[in-house]
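Since the structure comes first, as structure tokens, the remarks are kept for the end.
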């Protein structure tokens, strides 16, 4: 019996492929490769059908060289993009847990990667969530204290596009 056809080897290989697909760097590499590879294959297929050194063949060759150069350039930027996504994912998880200061600290690491605009955007969103959380907590405290009118004003001030906006809307209804 061929050892590569054994069930344990197959299951192990499938598990390895699934694990690699769950890993962000593999997904980013595959996404980039497919986005660039599919046009490359079409152009290469067109090129092979044309007479060598004809105008369409030369145009195809130039396009293939351009696609290859672009792919290499995008691969050089891949580690920074992967790290950026990891930081954003980690920050979003911290925001979801209510750890806003830690999330903002995580987002500040984006500046070292040259993603200053993205950093400002994510920090602003985390601060907005934090303010909404604090406002909701104040409103709940006012409701418990028997001051529903003051609580209503605070609840109305909570932005609807935050996590706490839905809860505030439910309390208003």
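The values are calculated or read from the model by the stated rules, or taken from the named source; none is laboratory data. Keep in mind that this is a model prediction, so the values were computed, not measured. Note: ideal-geometry Cβ built from the backbone for every residue, glycine included; neighbour counts use all protein chains shown.
Considering each residue of the range 46-59 in turn, none proves to be closer than 26 Å to residue 85 by Cα and touching a residue at least 12 places away in the same chain (Cβ under 8 Å). Screening residue 160 against (1) in contact with a helix residue (DSSP H, G or I) (Cβ under 9 Å, 6 or more places away or on another chain); (2) within 26 Å of residue 89 (Cβ to Cβ); (3) in a helix (DSSP H, G or I) leaves a single unmet condition, (3). Residues considered: 94, 75. Of these, the only one that is part of a helix (DSSP H, G or I), modelled with pLDDT under 95, under 24 Å from residue 22 (Cβ atoms) and over 13 Å from the mean Cα position of the chain (by Cα) is 75.
Being closer than 28 Å to residue 23 by Cα and either touching a strand residue (DSSP E or B) at 6+ places or on another chain (Cβ under 7 Å) or surrounded by 14 or more Cβ atoms within 10 Å (Cβ to Cβ) (or both) narrows it down to one of 135, 125, 69, so name that one.
125
Test residue 9 against the stated conditions and say whether it is assigned to a helix (DSSP H, G or I), modelled with pLDDT under 90 and over 24 Å from the mean Cα position of the chain (by Cα).
Yes; evaluated as a whole, the condition is true for this residue.
In this structure, does residue 114 turn out to be at pLDDT below 95, on the phi > 0 side of the Ramachandran plot, surrounded by fewer than 13 Cβ atoms within 10 Å (Cβ to Cβ) and touching a helix residue (DSSP H, G or I) at 6+ places or on another chain (Cβ under 8 Å)? When the stated conditions are applied, residue 114 passes them.
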